[in-house]
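Input: a single structure, listed below in C-alpha cells.
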C-alpha cells in the first residue's frame, strides 16, 4: 500500500510559481481589513501566498501585487516584517 502523503501546493502571487505550502509565507486580510503574516497557515480570512524569497517580496511591493490581491492597502512595515522573516529563515537554514 502507498503511504506517501500528498504535499499541498500553492501559487506565489508574485512569481506565479507553484511550490509546496511550507516553502511559502501566507499573508491574510481579516474581515475587519487587518493585514498580517500568518505563520501557521490557519488564520481565517483572505490569504495570499508569497515565496520565502527576497526578490518575490520586492516584486510584490513594486507592483502592488499584495494590495491588489487582498483588495486593501499594504503598509510599508508589513514588507519590512516579511523581509526580516526571510532573512531569519535563511540564517537558520545555513
Checklist entry - Which residues, counting only those in segment 10-35, are exposed (fewer than 12 other Cβ atoms within 10 Å of the Cβ) and at negative phi? => result 18, 20, 22, 31, 32, 34
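This table checks each residue for (1) within 11 Å of the chain's Cα centre (by Cα); (2) farther than 15 Å from residue 12 by Cβ.
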| residue | (1), (2) |
| --- | --- |
| 42 | no, yes |
| 45 | no, yes |
| 56 | yes, no |
| 59 | no, no |
| 65 | no, no |
| 71 | no, yes |
| 80 | no, yes |
| 86 | yes, no |
Item to check | Selection from segment 36-60 of residues that are buried (at least 18 other Cβ atoms within 10 Å of the Cβ), more than 15 Å from residue 84 (Cα to Cα) and in contact with a helix residue (DSSP H, G or I) (Cβ under 6 Å, 6 or more places away or on another chain) | outcome: 48, 60
Item to check | Residue list for segment 75-88, restricted to those being in contact with a strand residue (DSSP E or B) (Cβ under 9 Å, 6 or more places away or on another chain) and more than 16 Å from residue 28 (Cα to Cα) | outcome: 86
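Coordinate-derived values only; no laboratory data. On a predicted model such as this, the values are computed, not experimentally measured, just so you know. Glycine also receives a Cβ, built like all others from the backbone with ideal geometry; neighbour counts cover every protein chain displayed.
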